[in-house]
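The values are calculated or read from the model by the stated rules, or taken from the named source; none is laboratory data. Not measured: the values here are computed from a predicted model. Here Cβ is always computed from backbone atoms with ideal geometry, including for glycine, and neighbour counts include all displayed protein chains.
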Ligand code: GLU
Ligand code: ZN
C-alpha cells in the first residue's frame, strides 16, 4: 500500500470554461475527487477564466452542471465559497498583479521589451545554427538606462520569469523521477504587455495561495511543471507559498486509430453520454479505468469502492485506450444493478418529448411499471428505452420496413391467421399461455417458435427485436394485440 500523505490533502480541479466538457476533463476531475475522498482531503474547484476571448458564461454553467450531474462534489469553489474565495480567476486579478510586482521587485522576473519580430528573427537564427530556440535571455540583465531607452522608444514590455541556471528534478507521482536541464526551460512570460496575467502565473499562484498539496492533471501539462516548480521556489522565498505541491500526471487517453482523444472528437463530448442515457456511476466507473484499475479481474464497482481503493501511486503512466464498447458494457451492468424503481425513474426523460414519439397523454404509467423490469435487463443506455416501449404508447406500431421484410417470409398470412385464432382463445393473464398459442400455431405450419413468433412480434411491435414478446403482448393487452395482428393480415392480403 502507498504511504499516506503527511499533511491533509488539498487537490484542485481547475478547468477553463471553454467549449463543452469532455471525457478527458471528467477523468481528471474524477481522479482528483477520488484522491481527495480516499484521503479525507479537500477538493477545490477553481475556474481558470482569465482568457476573456475564449471563456464563456455558458461553458462555466455547463461545467458546474456537469459536475453536479456526475456527483463529483467539491468542498471549496463556485456557489459554496470557502476560505480562499473567490474561486474564479477573473475575480482574483488584483492578487496576481500584486504577486507579479513582488516577483519583479525581487528580481525573480524582469520586463522583456523584445518585439515578436525580434524574437522570431533570433529564434530562426538559433535554429539555423542548431542552438536551443527558446527565449535567449536578451532582456535578463538590462540596466536602468537600457530599460529607459526602450521605454522612450515607446516599446511595451511583458513580464518574464527568470529560470534558474540549474536542472530541475522532481518525483512525479505517476511517472517517477524527472530531471529537466536548464537549456530546455527558457525564461517564460507571466504577464502580457497589456497587463493581463497568463496561465503560467495564475495557475501556480492560486495553487500556492489555496495551499494545494497535490497537482493531479493530464500529461499534456507535464512540460509546464519545471517552470511551475521554479516559480514555486520564488514564491516560497517571498513568503507567498508554504511549499511545493507534489505532481502527478495522468496518462493520455487515446481514441480511434490510436490518436490522442481530442476535445473535438464526438466520442469525447460529455453531453453526448448524458443524452444517450449513461448513468453517472456507469460512466465514472469506466473513466476510472483509463489509467487505473481496482483489481486484475474486476471492472464493475461502485463509487464507494473506488474511493476505498483509489490511490495516485497505482495510476499507470502508459496511454489508456478509450473503448466505447467497454464503456457501454459497464454502463449496462450499472443499469442492471439499480433497483427497478430507481431504473423506472431514471428513464423518465426518454419517455417524454423530445425523445418519445408518442403523444404525452398516450403514456400509461401502469404499463410502464409493468414493462420496466423486462427493459432493465436489456438496455445498454437509458435512451434505448424509447424504441423498446413505443409499441405500448403509439396508436400503431412503428413502420420499420427492414423488420417487416425480414419477418414476413414464407406464408406469414397463413401463420398469423392460425396464431390469431390460438391467441384469441388463450389466457391473457398468463404469458405462458400466449407462448403456447404461438408455439401451437407454429407447429401447424412446420415452424419452430423462433420463426413463428417473428411475424407476431413485427405485427404487434413493428420490430424484429425487442423485449420478451409474450410479456409485451400481455402488457399491451388482448384487444390491441389482436387488432394489430388483424392490421398486419390486412396489409399482407391487400
Ligand atoms: N486550466 C488548466 C487547463 O484546463 C488547468 C491546468 C492544470 O491542471 O494545471 O488546462
Ligand atoms: Zn526580451
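Screening residue 174 on (1) within 16 Å of ligand 1 (Cβ to nearest atom); (2) part of a strand (DSSP E or B) shows it passes everything except condition (2). Of all residues in the stretch 481-491, one or more are out of contact with any helix residue (DSSP H, G or I) (no Cβ under 9 Å at 6 or more places or on another chain) and either surrounded by fewer than 19 Cβ atoms within 10 Å (Cβ to Cβ) or in a helix (DSSP H, G or I) (or both). Here the condition is being modelled with pLDDT under 95, at negative phi and within 16 Å of ligand 1 (Cβ to nearest atom); of 53, 4, it holds for 53 alone. For residue 137, the conditions (1) away from ligand 1 (no atom under 16 Å from the Cβ); (2) under 21 Å from residue 239 (Cα atoms); (3) surrounded by 13 or more Cβ atoms within 10 Å (Cβ to Cβ) all hold with the exception of (2). Checking each residue in the stretch 301-342 for being surrounded by 13 or more Cβ atoms within 10 Å (Cβ to Cβ) and part of a loop (DSSP other than H, G, I, E, B) picks out 301, 302, 310, 311, 315, 316, 317, 319, 322, 323, 338. Cβ-Cβ contacts under 9 Å between residues 6 or more apart (or on different chains), taken from a first residue in the stretch 1-26 that is within 16 Å of ligand 2 (Cβ to nearest atom) to a second residue that is modelled with pLDDT of 95 or more, are absent.
Is the stretch 234-246 home to any residue that is within 18 Å of residue 312 (Cβ to Cβ), in contact (Cβ under 8 Å) with a residue 24 or more places away in the chain and touching a strand residue (DSSP E or B) at 6+ places or on another chain (Cβ under 7 Å)? Within the stretch 234-246 (the criterion being within 18 Å of residue 312 (Cβ to Cβ), in contact (Cβ under 8 Å) with a residue 24 or more places away in the chain and touching a strand residue (DSSP E or B) at 6+ places or on another chain (Cβ under 7 Å)), the answer is yes, since at least one residue qualifies. Among residues of the stretch 140-161 that are under 22 Å from residue 235 (Cβ atoms), those with a Cβ under 9 angstrom from a residue that is assigned to a helix (DSSP H, G or I) and within 16 Å of ligand 1 (Cβ to nearest atom), sequence gap 6+ or separate chain, pair up as 159/201; 161/200; 161/201; 161/227; 161/230; 161/231.
The residues on offer are 63, 119, and the sole one that is within 16 Å of ligand 2 (Cβ to nearest atom) and on the phi < 0 side of the Ramachandran plot is 119. For the stretch 147-157, does any single residue satisfy the condition of being under 29 Å from residue 249 (Cα atoms), buried (at least 17 other Cβ atoms within 10 Å of the Cβ), more than 16 Å from ligand 1 (Cβ to nearest atom) and at pLDDT 95 or above? Checked the stretch 147-157: no residue is under 29 Å from residue 249 (Cα atoms), buried (at least 17 other Cβ atoms within 10 Å of the Cβ), more than 16 Å from ligand 1 (Cβ to nearest atom) and at pLDDT 95 or above.
Only strands (runs of 3 or more DSSP E) whose full extent lies in the stretch 177-254 are considered here, and the ones with at least 1 residues that are out of contact with any helix residue (DSSP H, G or I) (no Cβ under 8 Å at 6 or more places or on another chain) and modelled with pLDDT of 95 or more are 246-250. All of (1) more than 14 Å from ligand 2 (Cβ to nearest atom); (2) within 22 Å of residue 240 (Cα to Cα); (3) in contact with a helix residue (DSSP H, G or I) (Cβ under 6 Å, 6 or more places away or on another chain) hold for residue 159 with one exception: (1).
Restricted to the stretch 86-99, and to residues there that are out of contact with any strand residue (DSSP E or B) (no Cβ under 8 Å at 6 or more places or on another chain) and not in a helix (DSSP H, G or I), the residue that is surrounded by the most Cβ atoms within 10 Å (Cβ to Cβ) is 92. Checking 111, 21 one by one, the residue that is away from ligand 1 (no atom under 12 Å from the Cβ), buried (at least 18 other Cβ atoms within 10 Å of the Cβ) and over 19 Å from residue 211 (Cα atoms) is 111 and no other.
Answer yes or no: is there a residue in the stretch 68-75 that is part of a helix (DSSP H, G or I), without any contact (Cβ under 8 Å) to a residue 24 or more places away in the chain and within 16 Å of ligand 2 (Cβ to nearest atom). No: zero hits.
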